[in-house]
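K.L.:
Handing you a structure now.
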Amino acid sequence: MSDFLNRNDHEGPEKNDLYRVNVRVPVPVDRDFSYLSDRPLPLGALVAVPFGPRTMTGVVWDVGDKQDPNASLDVNKLKHIKAAISEIRIPDAVRQMVDWVARYTLTARGDAVRLVTPPAAVFQPEKPTHGYLLMDPLPAGLRITPQRQTVIDFMAAKGLIVSVSNGSEMANQPFQNALSSRALQKHAEVSAAIISGLEKAGALIRVPLPTPRAVQAPKIGDGDLKFTDQQLSAIAGLRAAFNDPNRTVAALDGITGSGKTEVYFELINDALKAGRQVLVLVPEIALTEGWIGRFKDRFGVEPGFWHSSVPVHRKARLWRGVANGDVPVVVGARSALGLPFPDLGLIVVDEEHDSSFKQQDGLLYHARDAAIVLATFGQAKVLLASATPSLETVRNGREGKYAWVEMRERVGQSVLPTILAVDIRDNRPAPDHWLTPPVVEAMAKTIEQGQQSMVFLNRRGFAPLILCRSCGHRIQCDHCSSWLTLHRLAKEVRCHHCGFQTAAPERCPQCGESEHMAPCGPGVERLADEVVRLFPEARLAVASSDTLGSSQRLKELLDGLSRGTIDIVIGTQILAKGHHFPGLTHVVVVDADLSLYGGDPRASEKTFQMLQQVAGRAGRGVERGLVQLQTAEPDHPVIQALLSNERDQFYDTELEIRSKLHLPPYARLAALVLSDTDENRVDDACRQLAKVAPRDFDGVDVFGPAPAPIPLVRGRHRRRFLMRCKQGVRPQGPLSRWLDQVSLSSSTRLTVDIDPYHFL
């Protein structure tokens, strides 16, 4: 940033040359800050401003005194903007979305602006890159080795040649077709020393490469595309909905394997034809791996990527490309909503039901809701796609707020799998095993037929608990009220809440016995051990965040499944949705009822969606799939809805229950979570809040305080309130008045979560 700071610095302009601007900086305060500028600045401009002892990047959010140069300004009290650090500005629609998020979530405006504050690398010039060209003629007396000859032949065949007479001129001009040292090493299969040796010998000349584009331009057009009648009908229905100027949101409700992705690719193509930009939101980075290949098949190039695994320099390049209109399509996580799209035409929220779209810390917004708000302000359209829509989306569709398009058939010869419940009370696994006899038999048959099986358990590690059989002691986290999970491959125990990890104990910390430490319950590592014992010849893979440390390893696993080089895969939710494996015909869900119980009012909905998505991985090719749900509750309504394939009936029942109990989507919830390192202080804070709680407010109920389901996390004691507002009552008003009446200790942290999705 330092190269930019000096551009507009000044010693002190005259009073009549000054303009007041209100700048929002990414600090946790609910206000903007006024500064002086020596020239008018547009709203959304990025500026460097002094803030205490630091220089920070802020956004011009408002202008004071209508930029009247004759307005009375107290020069002595206001600081000067140091510089306008970019020609790029944050578009009005994006700023309006940020304001909405701050108001809706009761978040300080300074915290909310972090959503659109670009990485610092955006303001730094990109490091120059260089490539190589072959000199013609080659220097006299050049020593030729087999490796050098390989490089020379390759570059000559590719036409990467420059005459000696033009060499000095080319050395200062970007050359599009030159190849970098790394590219030459890869294509010619030589070492870097060979390249540098040829350069020193005068056989190669190093030339600057042009600054690479963030992404290449996609191929727009109809092409040679084949759609089913169902897909054509869905495309027509969505186009009709989006041609309605009064319609912003449409929902694409298609069963797994129905071809939803190809349908919304047509909507993306329509937006690109119109010269507008597209944002595709996905709940998990893992979903992008298979999606990328399908996108390249359709548009010939990869889209831009925006998520936590993208290197900073690529993020900076993408951010600039989006702002300049050079990046037509971005696929990313929820934070991609803060990118400075100047002409956003379509937002696709894929797997819109997924709870990962709700931020769990920091700015507690829901990406689906923010996307709709952004589209509304920016005259864009939103497509919500899912095989298992959220109840909020279902209700809005039934009430006509969203256009609704259904796809009820799978593409090609594929049909929905057969789903069976395996009652573990009647079909007990063998000792020290977790897979029941019917499941083992089905897996053996699947392998015999040359097909693939997937074993699903949403639990990482080897075992969720280590128990001393001698004294009953359970290994617990030092910082959380949770048990430590054994990860046998890493030979350690970990807390999945705070990240604490230590070596797996050989002796009981309580009684000192060494022969009685027993792992209890299964994780994916334990299931993998069992599968190896049962099917030693089978090709096995384990898919979890522990075993897939990079996107490259995930890509290799997905490719292996697609090619049929893996017989059995054991995975967590990383494989639960969005993937297409033609050879996968058998899916097993271990502990299918695991998430049905607890204090989460959305438990039934979430469990149904997860199990339906997992089941949808089976039988997407020619052969019909089989799904086996291992459960001790085969009569539970969620399990029964899956067995009978009565999704809509399940939704009807669940909506009726929610309506009677005044729960979302027929009410609004707001959670208050208090935490402190001192238990007495957090209890005192709860008493303060309880005294002034709006219990007499019409349409508002307050429950609590009560210990959180996990009362201690990262050394902080946690308590919860829950506010329920009936239809027509927004929680922000009573919440604000409630919180204004108390003054909490600086060590007590209060988190307000509007529309909570997580209840731990």
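What follows draws every value from the coordinates through simple rules; no lab data is involved. Not measured: the values here are computed from a predicted model. Neighbour counts run over all protein chains shown; Cβ positions are idealised from the backbone, glycine included.
K.L.:
Which value in Å is the Kirkwood Rh of the chain over different Cα pairs?
P.N.:
For the chain, the Kirkwood estimate is 29.8 Å.
K.L.:
Counting other C-beta atoms within 10 Å, which of Met517, Met454 has the fewest, and how do the rest follow?
P.N.:
In increasing order of surrounding Cβ atoms, one gets Met517, Met454.
K.L.:
In the range 299-322, whose amide N lies under 20 Å from the spot 7 Å out along Cα-to-Cβ of Glu87? List them in ranges.
P.N.:
Residues 316-322 fall inside that zone.
K.L.:
At Ala490 and Ser746, where each label point lies 7 Å from the Cα along Cα→Cβ, what is the point-to-point distance in nanometres?
P.N.:
Rounded to a tenth, the inter-label distance reads 3.6 nm.
K.L.:
Which GluC sites (Glu not before Pro) in the range 653-760 pass both tests, a DSSP loop state and at most 16 other beta-carbon atoms within 10 Å?
P.N.:
In loop regions of the range 653-760 (DSSP not H, G, I, E or B), there are no sparsely surrounded GluC sites (Glu not before Pro).
K.L.:
For the range 599-643, list residues with backbone N below 18 Å from a point placed 7 Å from the Cα of Ile710 toward its Cβ?
P.N.:
Under 18 Å, as judged by backbone N against the label point of Ile710, lie 599-603 of the range 599-643.
K.L.:
Quick one: what Rg and Dmax do you get for the range 667-754 from the alpha carbons, in Å?
P.N.:
12.7, 39
K.L.:
Would you mind listing how long the range 229-407 runs along its three principal axes, going by Cα atoms, in whole Å with the largest first?
P.N.:
In descending order, the Cα extents are 44, 37, 31 Å.
K.L.:
Using only the alpha carbon atoms of the range 465-515, find the Kirkwood hydrodynamic radius as the inverse mean reciprocal pair distance, in angstroms to one decimal.
P.N.:
11.1
K.L.:
Here's a follow-up. R0 = 22 Å: FRET efficiency of Lys158 with Leu225, Cβ-based, nearest 0.05?
P.N.:
That pair, Lys158 with Leu225, gives E of 0.10.
K.L.:
Compute the Rg/Rh shape ratio of the range 607-743: radius of gyration over Kirkwood radius, all on alpha-carbon atoms.
P.N.:
Here Rg/Rh amounts to 1.14.
K.L.:
Residue separation times 0.36 nm, minus the C-alpha to C-alpha distance between Leu661 and Gln124: what's the value?
P.N.:
Roughly 187.9 nm would be gained on extension.
K.L.:
Between Ser233 and Ser191, what length comes free when the chain is fully extended (0.36 nm per residue of separation minus the Cα-Cα distance, one decimal in nm)?
P.N.:
Once the chain is fully extended between Ser233 and Ser191, it gains 9.6 nm.
K.L.:
Okay, moving on. Given N residues in the range 93-138, what is its alpha carbon radius of gyration divided by 2.2 N^0.38 Å?
P.N.:
Rg over 2.2 N^0.38 Å, computed on Cα atoms: 2.33.
K.L.:
Assuming R0 = 60 Å, can you tell me the calculated FRET efficiency for the pair Lys200 and Asp698, based on Cβ-Cβ distance, to the nearest 0.05?
P.N.:
The computed FRET efficiency comes out at 0.10.
K.L.:
Can you give the extra length, in nm with one decimal, that the chain gains between Cys520 and Leu540 once fully stretched, where that is 0.36 nm per residue apart less the Cα-Cα distance?
P.N.:
4.9 nm
K.L.:
Order 273-280, 689-696 from most to least packed using the mean count of other Cβ atoms within 10 Å.
P.N.:
273-280, 689-696
K.L.:
Strictly under 4.7 angstrom between C-beta atoms: which cysteines of the chain have no such partner?
P.N.:
Cys498, Cys520, Cys686, Cys725
K.L.:
Sorted by average packing, counted as other Cβ atoms within 10 angstrom per residue and highest first, what order do 87-95, 127-135, 242-250 take?
P.N.:
87-95, 127-135, 242-250
K.L.:
Run the simple label-point estimate for Phe500 and Thr653 please: 7 Å along Cα→C-beta, distance reported in nm.
P.N.:
It works out to 4.1 nm between the two label points.
K.L.:
Follow-up question, since we're still on this one. Using alpha carbon centroids, what distance separates the range 205-246 and the range 175-203, in Å?
P.N.:
36
K.L.:
Which order do the peptides 205-215, 261-271 come out in when sorted by mean C-beta neighbours inside 10 angstrom, highest first?
P.N.:
261-271, 205-215
K.L.:
Go through Ala380, Leu435, Ile424 and say which Cα lies farthest out towards the positive end of the charge dipole of the range 358-470; charges sit on Cβ, +1 for Lys and Arg, -1 for Asp and Glu.
P.N.:
Farthest towards the positive pole: Ala380.
K.L.:
Farthest toward the dipole's positive end in the chain, which of His496, Gly58, Val310, given Cβ charges of +1 (Lys, Arg) and -1 (Asp, Glu) about the Cα centre?
P.N.:
My answer, from the dipole projection, is Gly58.
K.L.:
What is the distance, in nm, between label points placed 7 Å from the Cα along the Cα-to-Cβ direction at Val415 and at Thr565?
P.N.:
Distance between label points: 3.4 nm.
K.L.:
Within the range 456-561, list the GluC sites (Glu not before Pro) lying in a DSSP loop whose Cβ has at most 11 other Cβ atoms in a 10 Å radius.
P.N.:
Here the GluC sites (Glu not before Pro) that fit, given the DSSP loop and packing criteria, are Glu506, Glu515, Glu537.
K.L.:
Let me ask you something else. In deg cm²/dmol, rounded to 500, what helix-only [θ] at 222 nm does the chain give when every DSSP H run of at least 4 residues adds -39500 (n - 2.57) and the total is split over its residues?
P.N.:
About -8500 deg cm²/dmol.
K.L.:
Next question. Residues with amide H under 5 Å of Ile419's amide H, sequence separation 5 or more or different chain, H placed in the peptide plane at 1.01 Å from N; which?
P.N.:
Val627
K.L.:
Then there's this: Quick one: which residues, 5+ away or cross-chain, put their amide H under 5 Å from the amide H of Lys381? H built at 1.01 Å from N.
P.N.:
Result for Lys381 returns Leu346, Ile347.
K.L.:
Between Val301 and residues 5 or more places away or on another chain, which pairs have amide H atoms under 5 Å apart, with H built 1.01 Å from N, and which residues are they?
P.N.:
Sorted by chain and number, the residues that satisfy this are Lys219.
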